[in-house]
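Read through the structure below, which is laid out as structure tokens, and then see the notes.
The values are calculated or read from the model by the stated rules, or taken from the named source; none is laboratory data. Quantities reported herein were computed from a predicted structural model and do not represent experimental measurements. Cβ placement follows ideal geometry from the backbone for every residue including glycine, while neighbour counts extend to all protein chains displayed. Just the protein is used for accessible areas: all its heavy atoms, side chains included, with ligands, DNA and RNA removed. Shrake-Rupley method; radii C 1.70, N 1.55, O 1.52, S 1.80 Å.
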Amino acid sequence: MAGSDTNRSQPLWLLAELTYRCPLQCPYCSNPVEIAKYNDELSTEDWIRVLQQARKMGATQLGFSGGEPLVRRDLEELIAEARRLGYYTNLITSGVGMDADRVKKFKEAGLDHIQISFQASNEELNNYLGGTKSFRHKQEMARVVKEFEYPMVLNIVLHRKNVDQIRDILDMTVDLNADYVELASTQYYGWSRVNIDQLLPTREQLARAEVVAKEYQEKMKDRMKIIYVIPDYFENRPKACMNGWGAIFLTIAPDGSALPCHAAAQLPGLEFPNVRDHSIDHIWNDSDAFNKYRGFDWMQEPCRSCPEKEKDFGGCRCQAYMLTGDATNADPVCDKSPHHGQLHADVDRIGSLSGTKEFESKPLVFRNMRNSKDIMSDRTIPA
Amino acid sequence: MNNIPEIAPTFRFQWEEAQDCYVILYPEGMVKLSGSAGEIMKRCDGIKSTEEIITELEGAFPGVDLKDDVRNFLDNARNNGWIRYKP
Ligand code: SF4
Ligand code: SF4
């Protein structure tokens, strides 16, 4: 049953992670903690080949992301090629490394949309979380982006340290004339998993934030679309992660490895094919990694016989692996999962400790190459 | 006269070979258009007025009264932000 239909799927969404280099150090970064391993980056020619092959297979949306994609000197060239091929091209950036001149060049090359991330709505917290003095520059860049008539998305990752400022954050996005605002709750893999004790919001915080988000959604509905998603650790059903494994998403990491989801590199027992060795067609249709969790045959109970499996595909494979040790289990966010109780117990433990002095003063592990090397060599994380 | 529709600069309209239809593209999203919607959007070029678009479509698909359909679709398209009227 599985397969026949999904095999005809198309990689509609291509996420090109051009580099893991980044001038910022966000402690919730969703990049793998092993970023220091990825120094052998694809060449311009490699990327152009990837763009051409994926486009032929139906890819329409293209995200240039990272790390910080602006670090790549060939970004203008890649944008121009993407435009020529007919992609809708999204640049997902921190804004650091951008200036008006470059924004103009991107426009000329045919870039369609720019998404800028902010860490917070005030200078001090923004710069602290990003590990750089970037706040004013980001604001200036947001204004430049609108001057060039781009649709602009502002993205703010929410967590315990900034979620109480949601009203200020939304006021800032209104001032900057955003077309879309993504209030993205931290997903706990990559660096945010390392920092989860410091980042997971409390239930009370979320309840308050939701009221404000709804208020602005209603108030701004003619001008700005606000997307607000609560962290799924607080839910009873998982998200339909990636719309299903190998269904529409294709991520290419900086070293050329192809992944069905940008967090999938952590899954054990999977060999992710590399675009240096294989065509996108082969990777998408024939590789073991992309077929592994396609369809429903790989599922265990309770998912296997669950009537909701076509809706959520059993949730997130990475989350199932991280929290249960087996990627074929149901995502523990689901209350039918035998691990659900443990997950909520953890959430409550963090909730009860948050606010206490010793707990809050525990330092964040910032996302940088040194910490990455430390984590990989299993040394204790610098305190 | 402000009844000349054009595609809004924050959206892109194009033919998608792999989907076999016209689509509207916007940040991280895509809407596939029906055949008739595609025929209308294709004519929102910032030159033709709504009346001219209707006349042209009635020429291309004779015998059908398209006036209401076109106007309804354009209202919708405008509410979605896909088109705007030239000032
Ligand atoms: S989340 Fe922060 S550290 Fe990670 S890539 Fe984005 S800007 Fe850089
Ligand atoms: S049991 Fe599995 S398929 Fe059913 S709702 Fe839970 S996660 Fe989804």
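Of all the numbered requirements in (1) under 19 Å from the mean Cα position of the chain (by Cα); (2) not in a strand (DSSP E or B), A:Leu62 misses one, and that requirement is (2). All conditions but one from (1) in a helix (DSSP H, G or I); (2) under 30 Å from A:Asn162 (Cα atoms); (3) not polar (S, T, N, Q) apply to A:Cys29; the one that does not is (1). The single residue among A:Ala54, A:Ala120 that is away from every other protein chain (no Cβ under 14 Å) and either open to solvent by 10 Å² or more (accessible area, probe 1.4 Å) or of a type in the set (Gly, Ala, Ser) (or both) turns out to be A:Ala120. For segment A:360-378, the tally of residues that are of a type in the set (A, V, I, L, M, F, W, C) and either over 24 Å from A:Leu125 (Cβ atoms) or open to solvent by 60 Å² or more (accessible area, probe 1.4 Å) (or both) stands at 3.
Looking across segment B:58-72, the residues that are of a type in the set (A, V, I, L, M, F, W, C) and either open to solvent by 40 Å² or more (accessible area, probe 1.4 Å) or at pLDDT 95 or above (or both) come down to B:Ala60, B:Phe61, B:Val64.
Of all residues in segment A:204-223, those that are touching a strand residue (DSSP E or B) at 6+ places or on another chain (Cβ under 7 Å), touching a residue at least 24 places away in the same chain (Cβ under 8 Å) and open to solvent by 10 Å² or more (accessible area, probe 1.4 Å) total 1.
If you go through segment B:26-59 and keep only what is within 13 Å of chain A (Cβ to nearest Cβ) and on the phi > 0 side of the Ramachandran plot, you end up with just B:Glu28.
Condition check ((1) without any contact (Cβ under 8 Å) to a residue 24 or more places away in the chain; (2) surrounded by 24 or more Cβ atoms within 10 Å (Cβ to Cβ); (3) within 21 Å of the chain's Cα centre (by Cα)) across all residues:
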{"residue": "A:Thr44", "(1), (2), (3)": "no, no, no"}
{"residue": "A:Arg72", "(1), (2), (3)": "no, no, yes"}
{"residue": "A:Ile79", "(1), (2), (3)": "no, yes, yes"}
{"residue": "A:Ala82", "(1), (2), (3)": "no, yes, no"}
{"residue": "A:Ser94", "(1), (2), (3)": "no, yes, yes"}
{"residue": "A:Ala100", "(1), (2), (3)": "no, no, no"}
{"residue": "A:Gly110", "(1), (2), (3)": "no, no, no"}
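With a requirement of 1 or more residues that are open to solvent by 20 Å² or more (accessible area, probe 1.4 Å) and acidic (Asp, Glu), the helices (runs of 4 or more DSSP H) lying completely within segment A:259-359 that satisfy it span A:280-286, A:288-291, A:309-312, A:340-353. Residues in segment A:174-195 that are more than 14 Å from chain B (Cβ to nearest Cβ) and among the β-branched types (Val, Ile, Thr) were compared, and the one that is surrounded by the most Cβ atoms within 10 Å (Cβ to Cβ) is A:Thr186. If you go through segment A:214-239 and keep only what is assigned to a loop (DSSP other than H, G, I, E, B), among the aliphatic types (A, V, I, L, M) and at pLDDT below 90, you end up with just A:Ile230.
Can you tell me how many residues within segment B:36-57 are open to solvent by less than 60 Å² (accessible area, probe 1.4 Å) and farther than 13 Å from B:Phe13 by Cβ? Let's see the steps before the verdict.
So in segment B:36-57, the residues open to solvent by less than 60 Å² (accessible area, probe 1.4 Å) come out as B:37-41, B:43-44, B:46, B:48-50, B:53-54, B:57.
In the following step, the residues that additionally are farther than 13 Å from B:Phe13 by Cβ were identified as B:48-50, B:53-54, B:57.
Residues that pass the stated criteria total 6.
Applying the criterion of being in contact (Cβ under 8 Å) with a residue 40 or more places away in the chain and open to solvent by 10 Å² or more (accessible area, probe 1.4 Å) to the residues of segment B:9-25, the residue that is nearest to the other protein chains (Cβ to nearest Cβ) is B:Thr10.
Just to verify a result, which residue in segment A:123-135, among those that are touching a helix residue (DSSP H, G or I) at 6+ places or on another chain (Cβ under 7 Å), touching a residue at least 12 places away in the same chain (Cβ under 8 Å) and open to solvent by 10 Å² or more (accessible area, probe 1.4 Å), is nearest to ligand 1 (Cβ to nearest atom)?
Of all residues in segment A:123-135, those touching a helix residue (DSSP H, G or I) at 6+ places or on another chain (Cβ under 7 Å) come to A:123, A:126-127, A:133-135.
Still in the list and also touching a residue at least 12 places away in the same chain (Cβ under 8 Å): A:123, A:126, A:134-135.
Restricting the remaining residues to those that are open to solvent by 10 Å² or more (accessible area, probe 1.4 Å) gives A:123, A:135.
Working: A:Glu123: 16, A:Phe135: 13 Å.
Only one residue fits best here, namely A:Phe135.
Out of all the residues in segment A:19-40, is one or more within 14 Å of chain B (Cβ to nearest Cβ), surrounded by fewer than 22 Cβ atoms within 10 Å (Cβ to Cβ) and in contact (Cβ under 8 Å) with a residue 24 or more places away in the chain? Scanning segment A:19-40, I find no residue that is within 14 Å of chain B (Cβ to nearest Cβ), surrounded by fewer than 22 Cβ atoms within 10 Å (Cβ to Cβ) and in contact (Cβ under 8 Å) with a residue 24 or more places away in the chain, so the answer is no.
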